[in-house]
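Here the structure is laid out as C-alpha cells; the discussion comes afterwards.
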Amino acid sequence: DRQTLVAVLQFLRRSNLRESEEILRREARLLGDDLGAAALSPAGVLGGPDGDAGSLGGEALLSRVTAAPAVAMGGSVATVASSSPGVAAVAAVPPGKGGARAGSRLTSRVVSHCIFGSSFRLSDKLLFNAFAVGGGVVVEDQPDVSAVLSAYNQQGDPTLYEEYYSGLKHFIECSLDCHRAELSQLFYPLFVHMYLELVYNQHESEAKSFFERFHGDQECYYQDDLRVLSSLTKKEHMKGNETMLDFRTSKFVLRISRDSYQLLKRHLQEKQNNQIWNIVQEHLYIDIFDGMPRSKQQIDAMVGSLAGEAKREANKAKVFFGLLKEPEFDVPLDDEDEEGENEEGKPKKKKPKKDSVGSKSKKQDPNAPPQNRIPLPELKDSDKLDKVMNMKEAAKRVRLGPECLPSICFYTFLNAYQGLTAVDVTDDSSMIVGGFADSTVRVWSVTPKKLRSVKTAADLSLIDKESDDVLERIMDEKTASELKILYGHSGPVYGTSFSPDRNYLLSCSEDGTVRLWSLQTFTCLVGYKGHNYPVWDTQFSPYGYYFVSGGYDRVARLWATDHYQPLRIFAGHLADVTCTRFHPNSNYIATGSADRTVRLWDVLNGNCVRIFTGHKGPIHSLAFSPNGRFLATGATDGRVLLWDIGHGLMVGELKGHTDTVYALRFSRDGEILASGSMDNTVRLWDAVKAFEDLETDDFTTATGHINLPENSQDLLLGTYMTKSTPVVHLHFTRRNLLLAAGAYSSQ
C-alpha cells in the first residue's frame, strides 16, 4: 500500500535514518520525486496541529504501518506478525490528541524492531528464512479507529432502540428450537453495539434504560464484560477504553448455519429493521456453514471469548505438529545394572530394551516439520550426556494408566510471606525455582547435591584444564548452599523457566523486563527490555536458545538469548497474554490470553495458525501432549479443554475444578494429564481415553459440530486435596513421579 510506504519513508527521513530510507526506497522502487509527489504533509500523517481529525487519520495510517510486512535491513528482519482477525498492536491506541502521540511512539517502536543490525548468527538465519518464505503479513479488513467510531453516526431514532431489540428477541425466542440456539448468539453483540451507539450519540438516558432492561438477558460468561460496559455512560468514556475499542475494531464472529441466517435476514427485511441489519452488516462477521444447525450445548462449548468464535478459515492452515527426529547415539549399559542382574541370577534382558529407547524415533514422523525448518542449536557434549542419562531413566520409567497412578510429591512453600508468584522445576528434577512478589528469585537444590558457584578467575587459572574432573574442580566448595537468592528485578516475578541444559534461568517481572541468570555464577547475564508493561510469563524452547515472553501489552515476543531485541512479535490478542508455551518441536508457540482465546503461532513466519475459543475466563495454563498432537488449556472458569491441533478442533472438556486451573502437565508418555488449581486440589485425568476414537471427519472439521462426551467424570482418575495450598506448578520426573508445588495459605 503506497500510502503506508510513504508514511514509513517519511518517518525514517525525520529520524535521520537515511541509509534505511534508501534501502527501503530501492526495495519498493520509489524515487525521491515520487516520494514528494505522493507524500502527505507530515502533519497529515501524524496528526494535525489542532483538532482530532489529523491525529485519527494518522492513527489509521499508523495502524496500517504496524501490520505492514517487515522490511529487510541491516543484518536481520523482525516480523511484526498479525493474526487472522487483523488486529495490529496499534489498533488499540486511544483516539484523540494523545492518541496521535502514542501512535507515533508505537510506530517508532515497530520500525525500530524492523531495523536492527547484528552479526549473522543462528537467529539471523531464522529471520532470513522467514523473509524468504514471506515474512510479511497481510492484514485483512482492518478498520481504523476514526472510521470505527464514526460508524455510529448513522443512527436511528434513539427511542425505538428498545423496541427494535425486543422485537428481534421476541422473534428469536418464538423461532424453532433448532434455529433459536444459533440466533441467540446475536443477543450479546447487538446489545453491546446498540448500547454503545446510544452512548456515542449522547442519548444517555435512553442508553441507561436500554442497559437496565436487557443486560440481565445476556449469558452469564459475559458478566465481566458487561461490568466494564456499564461504566461507559458518556461519549468521552469511549475514547480511552481499550476493551470497547477492541469490540469496535475486531468484528464479532458468529458461526451460523445457512438456514438460520436466511431466517434472520428475511425477518429483518420484512420488518424493515434497518438499524439492526446495519449493525449486523457493519460490526458482525457471520461465518455461514451448510448443514444442520448446531445445538445449544455445541454452541455453548465454543463461545465466550471477547470477539466471539474463531472464523473457520483461521484454523485451516497446515500445522506440522509431529516431533523432530532425535539424534542417534549409543546408550552404554550401566555397570551397576549388569552387576545387579548377575547377582540376582537373572538373564540380562535390559540391553535390547535400552537400544529401542535410543532409537525411539528413528522413523521420520510424517507430520513433523523439516529438520531445518527453523535453525536449532547444535548438541554439545554435555547435552549428549544428559540425553543418555535421560534414556537410562526412561528405561526405569513407570508406565502409568488407570490401574497405575503416579505417586505425588508436593513441595509446599511454608511461611512464603514474600508471596509466591511462579515456580519451575528442571527437567531432571534436581532444582526448583520460586519467583516472589518481593521481586526476588530463589533457587533450591532438591537433591543432596548443593548449589555451588564457579571459582574466581584467579583460582580458575591454577586449575589443570586437562584433568578428567575439571568440571568438578572449577566449582567453589565454599559457596555451597541449598538456596541461592537472585536479586535484580524491581517488581513481582510472574514467570520463571530453566533452560533445558540447566545452565540458565529466565525470570520475567512486573518491571517489564525478562532476565537471564547464570546457574554457574548465580548472577544476571542479560536484561531483555521490549515489553513496556508487566510480563506475565516466559518459557525456554525445549531445545534451548530461543525463549518466548507474553505480557500486559497484549503481544508475545520470541527472543534468542544472544539478541537483545525480539526476533518475532506475535500481535493479535485483544487482552493480556497471560501464559506461553513452546510446542515440543519448537516450531510453534501457544499463547493463552485474558481475551479468553488460545492462539498458536508459527515461529518461522510469525503467522497465527490456530485460534481456539471456548473458555469463559482468562487462560492461565497450557500443556502440549508429548506427541505434539494435542493441547490442554486451563482457565479461571475451572474447566480444562482439550484441542486437536492438526484439525483445529476442541475434542474434550474436563469439568471438576471449582477455581482457576493454574497448572497442567502430561505424564512423560502422555497417558495421564495432571491439573492443579486454586481450589487446593490436584486431579488426574485419563488422557488415553480422552483422545481415543476422536470423530474428526471432514464434516466435523468443516462445520465445527463437536460432540463432547456428556460426562467427563469417566475420565477423572483421582482427586488429591492439599490442606490449604493452591497448586501453582506440576512436573513429571523422568520416571513419572508427579511433583507439585504451591505456597501454604493460612486463610
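Identify the residue in region 565-574 that is touching a Phe, Trp or Tyr at 6+ places or on another chain (Cβ under 7 Å) and assigned to a loop (DSSP other than H, G, I, E, B) and, among all such residues, is nearest to Val319 (Cα to Cα). Give the derivation first.
Of region 565-574, the ones touching a Phe, Trp or Tyr at 6+ places or on another chain (Cβ under 7 Å) are 565-567, 570.
Those left that are additionally assigned to a loop (DSSP other than H, G, I, E, B): 565-567.
Details: Gln565: 27, Pro566: 23, Leu567: 21 Å.
By that ranking, first place goes to Leu567.
Taking region 156-212 and the helices (runs of 4 or more DSSP H) fully enclosed by it, the elements with 1 or more residues that are modelled with pLDDT of 85 or more and among the small types (Gly, Ala, Ser) are at 161-174, 177-183.
In region 490-498, the condition of being small (Gly, Ala, Ser) and out of contact with any Asp or Glu (no Cβ under 8 Å at 6 or more places or on another chain) is met by no residue. Before we move on, is Ile408 surrounded by fewer than 19 Cβ atoms within 10 Å (Cβ to Cβ) and either among the charged types (D, E, K, R) or within 26 Å of Asp381 (Cβ to Cβ) (or both)? It is false that Ile408 is surrounded by fewer than 19 Cβ atoms within 10 Å (Cβ to Cβ) and either among the charged types (D, E, K, R) or within 26 Å of Asp381 (Cβ to Cβ) (or both).
One residue stands out among those in region 485-513 that are touching a Gly at 6+ places or on another chain (Cβ under 9 Å) and farther than 23 Å from Tyr546 by Cα: the one that is least open to solvent (accessible area, probe 1.4 Å), which is Gly491. Taking the criterion of being open to solvent by 10 Å² or more (accessible area, probe 1.4 Å) and out of contact with any Asp or Glu (no Cβ under 9 Å at 6 or more places or on another chain), the residues of region 623-647 that qualify are Phe624, Asp637, Gly646, His647. Residues that are in a helix (DSSP H, G or I), among the charged types (D, E, K, R), at pLDDT 80 or above and not assigned by the TED database to the domain that holds Trp559 do not occur anywhere in region 122-130.
What number of residues within region 589-616 satisfy the criterion of being assigned to a loop (DSSP other than H, G, I, E, B) and open to solvent by less than 10 Å² (accessible area, probe 1.4 Å)?
Taking region 589-616 first, the residues assigned to a loop (DSSP other than H, G, I, E, B) are 594-596, 603-607, 614-616.
Okay, now just the ones that are also open to solvent by less than 10 Å² (accessible area, probe 1.4 Å), so 595, 603, 606, 614-615.
Residues flagged as assigned to a loop (DSSP other than H, G, I, E, B) and open to solvent by less than 10 Å² (accessible area, probe 1.4 Å) within region 589-616 amount to 5.
Rundown of residues vs (1) among the acidic types (Asp, Glu); (2) more than 21 Å from Gln218 (Cα to Cα); (3) without any contact (Cβ under 8 Å) to a residue 12 or more places away in the chain, yes/no style:
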residue: Gln272; (1), (2), (3): no, yes, yes
residue: Ile276; (1), (2), (3): no, no, no
residue: Ile279; (1), (2), (3): no, no, no
residue: Glu282; (1), (2), (3): yes, yes, no
residue: Ile288; (1), (2), (3): no, yes, no
residue: Lys296; (1), (2), (3): no, no, no
residue: Ser305; (1), (2), (3): no, no, no
residue: Ala310; (1), (2), (3): no, no, no
residue: Asn315; (1), (2), (3): no, yes, no
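Scan the strands (runs of 3 or more DSSP E) fully inside region 497-564 and keep the ones with 1 or more residues being of a type in the set (D, E, K, R).
Details: elements: 504-509, 513-518, 523-529, 535-540, 546-551, 555-560.
Here the list reads 513-518, 523-529, 535-540, 555-560.
Taking the numbered list (1) of a type in the set (A, V, I, L, M, F, W, C); (2) without any contact (Cβ under 8 Å) to a residue 60 or more places away in the chain; (3) over 30 Å from Pro377 (Cα atoms); (4) assigned by the TED database to the domain that holds Tyr564 in turn, Leu420 passes all entries but (2).
Scanning region 651-673 for residues that are under 27 Å from Ala317 (Cα atoms) and either surrounded by fewer than 19 Cβ atoms within 10 Å (Cβ to Cβ) or of a type in the set (Gly, Ala, Ser) (or both) yields Gly652, Glu653, Gly670.
Could you grab me the full set of residues in region 421-435 that are in contact with a Pro (Cβ under 7 Å, 6 or more places away or on another chain) and either open to solvent by less than 20 Å² (accessible area, probe 1.4 Å) or assigned to a strand (DSSP E or B) (or both)?
If we filter region 421-435 for residues that are in contact with a Pro (Cβ under 7 Å, 6 or more places away or on another chain), which is where we start, we get 421, 427.
Once the filter is applied, which keeps residues that are in contact with a Pro (Cβ under 7 Å, 6 or more places away or on another chain) and either open to solvent by less than 20 Å² (accessible area, probe 1.4 Å) or assigned to a strand (DSSP E or B) (or both), region 421-435 yields only Thr421.
Would you check which residues across region 456-484 are in a helix (DSSP H, G or I) and either in contact with an Asp or Glu (Cβ under 9 Å, 6 or more places away or on another chain) or surrounded by 11 or more Cβ atoms within 10 Å (Cβ to Cβ) (or both) and list them? Listed by number, the residues that qualify are Asp459, Leu460, Val470, Arg473, Thr479.
Under the condition of being open to solvent by 10 Å² or more (accessible area, probe 1.4 Å) and assigned to a loop (DSSP other than H, G, I, E, B), the residues counted in region 575-588 number 3. Annotation note: Cβ proximity below 6 Å between a residue of region 15-41 that is farther than 16 Å from Arg2 by Cα and a residue that is modelled with pLDDT under 85 and in a loop (DSSP other than H, G, I, E, B) (sequence gap 6+ or interchain) occurs for Ser20/Ile115.
The values are calculated or read from the model by the stated rules, or taken from the named source; none is laboratory data. From a predicted model like this one, the values you see are computed outputs, not experimental measurements. When we count neighbours, we look across all protein chains shown, and the Cβ atoms used for this are built from the backbone with ideal geometry, even at glycine. We work out accessible area using only protein heavy atoms, side chains counted, and drop any ligands, DNA or RNA first. Shrake-Rupley method; radii C 1.70, N 1.55, O 1.52, S 1.80 Å.
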